[in-house]
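Asker: One structure coming up, written as structure tokens, with questions to follow.
The values are calculated or read from the model by the stated rules, or taken from the named source; none is laboratory data. Just so it is clear, the model here is predicted, and its values are computed rather than measured. In this analysis, Cβ positions are derived from the backbone assuming ideal geometry, glycine residues included, and neighbour counts consider all displayed protein chains.
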Amino acid sequence: RASMLLAGLLLSACGKQAEAPAPTPTPGTEASAAAPAPAPAKVYVVGTDAAYAPFESQNETGEIVGFDIDVVKAVAAKAGFEVKFVNTPWEGIFNTLTQGDRDFLVSAITITDERKQSMDFSQPYFDARQLIAVRDNSKVAKFDDLKKLKVGVQTGTTGDEVTSKLLGKNSPNVKRFESTPLALKELEAGGVDAVVADNGVVENYVANNPTAKFKTVSDPGFTPEQYGLAVRKGNTELMEKLNKGLADIKADGTYDQIYAKYFGAKKGDAAAAP
Ligand code: ARG
């Protein structure tokens with residue numbers, strides 16, 4: 001449609017009449033009268049479960065903010081498209097992608113082989129691991145110690161996966177929550193003995209909620225995870241833009257700036273050494 005519109009404009013600019021009646025322009029795509037304006041930037045709808053600070057959360061004014069959000073905004077700026085973030089509950093977030101309600105997802109999503117069967121992932125943009133949160137008087141010293149305890153997880157996350165493997169998928173001791181903060185609240189209330197979730201989120205919560213009196217327990221047995229942007233299977237056009245944008249922000253230092261804003265300077269970053 002855009003090319004027909006352009007052809008029509010070119011013809012009328014030459015003083016000729018276009019043969020076919022001009023197609024009704026889609027709202028927002030009208031070119032300005034004189035010179036044809038550059039095509040408006042494409043707006044992609046991005047789904048995110050904004051209850052996962054510091055990756056994505058809602059601030060006091062309801063704005064969606066966080067590391068993931070800054071990364072995607074920077075990618076969009078490089079690749080020349082616009083983004084609209086839509087808060088989307090984790091349960092069902094992948095369906096919003098397959099059904100076409102969202103163009104892509106950023107949600108601290110771990111790239112897994114299972115998920116790769118139903119969606120495509122960008123190049124990884126963040127390294128993560130599971131981390132255990134317990135109350136600070138807990139005797140838990142390793143993941144295996146959770147076997148007989150009540151463990152809170154966010155439904156359908158990689159934390160749910162590893163915990164279900166240890167305790168048994170149908171174990172009544174696996175307590176599934178709609179969000180990770182809800183699981184952590186329950187840990188504070190004493191309803192569960194531990195929470196297993198992504199390290200960045202657990203560390204952020206512990207640091208910002210000193211009155212909860214939590215400590216963290218790491219376990220070398222947890223497999224390293226990587227976050228990726230999730231795109232509908234076969235959407236190579238968008239995937240290329242995202243991967244190119246990610247490569248660009250990694251190359252020009254934008255990624256490192258965003259990283260430092262949320263997590264401090266990267267370990268092993270000589271330039272940041274005192
Ligand atoms: N990385 C974990 C996973 O992919 C948890 C992600 C949860 N993200 C969120 N925004 N709630 O399963």
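Asker: Residues to consider are Asp145, Asp120; find the one that is among the acidic types (Asp, Glu) and within 30 Å of Gly168 (Cβ to Cβ).
Answerer: Exactly one residue qualifies, and that residue is Asp145.
Asker: Any residue at all in the stretch 143-154 that's surrounded by fewer than 16 Cβ atoms within 10 Å (Cβ to Cβ), under 26 Å from Ile93 (Cβ atoms) and within 16 Å of the ligand (Cβ to nearest atom)?
Answerer: For the stretch 143-154, residues surrounded by fewer than 16 Cβ atoms within 10 Å (Cβ to Cβ), under 26 Å from Ile93 (Cβ atoms) and within 16 Å of the ligand (Cβ to nearest atom): absent.
Asker: On the basis of being more than 12 Å from the ligand (Cβ to nearest atom), among the polar types (S, T, N, Q) and touching a helix residue (DSSP H, G or I) at 6+ places or on another chain (Cβ under 6 Å), does Asn173 make the cut?
Answerer: yes
Asker: Consider the stretch 108-142. How many of its residues are within 11 Å of the ligand (Cβ to nearest atom) and among the small types (Gly, Ala, Ser)?
Answerer: 2
Asker: Taking Asp49, is it surrounded by 16 or more Cβ atoms within 10 Å (Cβ to Cβ), farther than 22 Å from Asp248 by Cα, touching a helix residue (DSSP H, G or I) at 6+ places or on another chain (Cβ under 9 Å) and of a type in the set (Asp, Glu)?
Answerer: Taking the combined requirement at face value, the residue satisfies it.
Asker: Step by step: first the residues of the stretch 70-107, then only those that are out of contact with any strand residue (DSSP E or B) (no Cβ under 9 Å at 6 or more places or on another chain), away from the ligand (no atom under 13 Å from the Cβ) and part of a loop (DSSP other than H, G, I, E, B), then the one that is nearest to Tyr44 (Cα to Cα). Which residue is that?
Answerer: Gly80
Asker: Looking for something surrounded by 12 or more Cβ atoms within 10 Å (Cβ to Cβ), farther than 21 Å from Tyr259 by Cβ, modelled with pLDDT of 85 or more and not basic (Lys, Arg) - is there at least one such residue anywhere in the stretch 54-68?
Answerer: So far as the stretch 54-68 goes, yes, one or more of its residues are surrounded by 12 or more Cβ atoms within 10 Å (Cβ to Cβ), farther than 21 Å from Tyr259 by Cβ, modelled with pLDDT of 85 or more and not basic (Lys, Arg).
Asker: For the stretch 115-142, what are the residues that are crowded, with 17+ Cβ neighbours inside 10 Å and part of a strand (DSSP E or B)?
Answerer: If the condition is that a residue be crowded, with 17+ Cβ neighbours inside 10 Å and part of a strand (DSSP E or B), then Met119, Asp120, Phe121, Phe126, Ala128, Gln130, Leu131, Ile132, Ala133, Val134 are the ones that fit.
Asker: Something else about it: Within the stretch 201-253, which strands (runs of 3 or more DSSP E) (wholly inside it) include 1 or more residues that are surrounded by fewer than 18 Cβ atoms within 10 Å (Cβ to Cβ) and charged (D, E, K, R)?
Answerer: Correct list: 214-217.
Asker: Tell me which of these Gly221 doesn't satisfy, since it passes every other one: (1) within 16 Å of the ligand (Cβ to nearest atom); (2) touching an Asp or Glu at 6+ places or on another chain (Cβ under 9 Å).
Answerer: Looking at each condition in turn, Gly221 falls short on (1).
Asker: In this structure, is Thr48 more than 12 Å from the ligand (Cβ to nearest atom), more than 19 Å from Val162 (Cβ to Cβ) and among the polar types (S, T, N, Q)?
Answerer: Spelling it out, it is not the case that Thr48 is more than 12 Å from the ligand (Cβ to nearest atom), more than 19 Å from Val162 (Cβ to Cβ) and among the polar types (S, T, N, Q).
Asker: Of the residues Val196, Val192, which single one is outside any loop (DSSP other than H, G, I, E, B), β-branched (Val, Ile, Thr) and surrounded by 14 or more Cβ atoms within 10 Å (Cβ to Cβ)?
Answerer: Val196
Asker: For a quick check of your reading of the model, give me the residue pairs whose first member lies in the stretch 42-66 and is among the aromatic types (Phe, Trp, Tyr), whose second is part of a strand (DSSP E or B), with beta-carbon atoms closer than 7 Å and at least 6 apart or on different chains.
Answerer: Filtered contacts from the stretch 42-66: Tyr44/Val83; Tyr44/Phe104.
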